[in-house]
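One structure is given here, and the rest of the page talks about it.
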Amino acid sequence: MGGSSLTVFAPSPLLTITVEAAATPREEIHLHAGGQGFWVARMAALLGAEVSLCSALGGESGAVLRGLIARENVELLSVECGTSNGVYIHARRNGAREQLARTESKRLSRHEADELYGVALSAGLDAGVMLLTGVDPATVLDSEIYRRLAGDLRSNGVRVIADLAGPSLKAALAGGVDLLKISEEELLRYALTDSASVGDLLEAMDRLHRSGARTVLVSRAEEPALVLDGSSDRYLELTGPRVETLEPRGTGDSMFAALGSGIAAGLELEATLRLAMAAGCLNATRHGLGTGTRQQIEKLSGHIKIEQLTGARGG
């Protein structure tokens with residue numbers, strides 16, 4: 001998959017501080033860049049893509065994040081903002097994670113948001129593939145930027161894929177996306193489906209398709225993922241090997257990164273879906289978020305089963 005390039009829109013990364021083996025003689029303190037967008041960018045780079053990360057950084061935490069991101073195989077395209085990026089401090093005791101403190105990223109000014117949009121638009125046009133990730137909290141910037149960015153990029157031939165929920169999802173769909181990845185949990189949380197039954201999930205996917213997503217992937221934790229393939233009018237079910245989950249967080253980000261990497265590399269949809277399912281499956285077996293190796297993921301992708309659901313689209 002060499003030679004492929006993509007851009008990740010990650011408005012406000014987080015600084016993460018983790019105390020490992022807290023209150024024991026083996027206690028260690030680790031600083032990492034974090035947040036959905038950064039984890040996606042790092043995994044996409046591990047899969048061989050040339051990755052640009054579009055973000056706003058500011059304050060002491062922003063200065064630290066610049067140094068941490070520079071250590072990764074990711075090109076940082078940043079806008080300077082007047083407030084600090086969010087920070088959280090976790091302590092891990094006996095394998096359990098506890099949050100000790102957290103500060104949130106503050107709202108970008110209109111000028112900062114405009115600068116970030118310009119950086120992202122230019123980078124997306126250069127790369128040809130844009131991955132839209134969310135922001136925490138949602139008040140960091142107006143969700144309208146997702147509509148404009150998706151619409152402007154797609155009108156210029158850029159492939160846009162999104163892993164969003166809430167107002168930012170609604171905005172991106174209004175602009176149009178080539179592929180939407182969303183979790184079953186998010187569909188339920190934002191009342192996009194009445195239940196987690198397969199029938200209700202397929203109906204929710206249909207609605208998302210009609211709202212602007214050409215293809216939709218719904219991740220379902222340990223259960224098979226569901227796909228509405230808008231290009232061939234069919235539903236697919238993706239099944240991976242059964243594994244013991246060590247870290248459920250980050251599996252969706254790994255899936256999303258692999259989707260972007262596969263699309264950027266020009267893989268066929270089914271090969272891209274296998275790669276994504278394998279990346280999520282492997283992440284669940286590892287400590288840490290958005291982790292794994294390209295060789296392991298590509299090998300595991302051969303064990304992903306894809307079936308067309310009968311009695312559905314084209315069935």
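The values are calculated or read from the model by the stated rules, or taken from the named source; none is laboratory data. Note that the structure is predicted; figures quoted are calculated from it, not measured. Every residue, glycine among them, receives a Cβ derived from its backbone with ideal geometry; neighbour counts consider all protein chains shown. Protein only, heavy atoms only, side chains kept; ligands, DNA and RNA dropped before computing areas. Shrake-Rupley method; radii C 1.70, N 1.55, O 1.52, S 1.80 Å.
Figures for the structure shown
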item	result
Potential lengthening between K305 and S109 on full extension [0.36 nm per residue; Cα-Cα distance subtracted]	65.9 nm
Accessible area in the full protein assembly, largest first, 1.4 Å probe, for E203, E298	E203, E298
Check: the stretch 80-127 dipole with +1 on Lys, Arg Cβ and -1 on Asp, Glu Cβ, in debye	500 debye
Net dipole in debye of the chain [+1 Lys, Arg Cβ; -1 Asp, Glu Cβ; about Cα centre; nearest 20]	180 debye
Dipole of the chain [Lys/Arg +1, Asp/Glu -1 at C-beta], most positive-end residue of Y88, I29, V158	I29
Å² per residue, accessible surface of the chain at 1.4 Å	44 Å²
Stretchable slack from L31 to S197, in nm (0.36 nm times residue separation minus alpha-carbon distance)	55.7 nm
Length added when fully stretched, L125-N94, from 0.36 nm per residue minus Cα-Cα	6.5 nm
Cα Rg, Dmax (largest Cα-Cα span) when computed across the chain, Å	18.7, 61
Sulfur and carbon atoms: percent of accessible area, the chain [1.4 Å]	47 percent
Ratio of Rg to Rh over the stretch 101-243 (Cα coordinates, Kirkwood Rh, two decimals)	1.00
Cross-link partners of K305 among aspartates and glutamates (Cα-Cα below 15 Å; sequence separation of 8 or more within a chain)	E222, E223, E237, E270
Selection from T133, G67, T103, by position along the positive dipole direction of the stretch 66-148 (Cβ)	T103
Computed magnitude of the charge dipole of the stretch 65-216 (debye, nearest 20; Cβ of K, R +1, Cβ of D, E -1)	220 debye
Taking the convex hull of Cα positions in the stretch 36-82, its mean projected area over all directions (nm²)	3.0 nm²
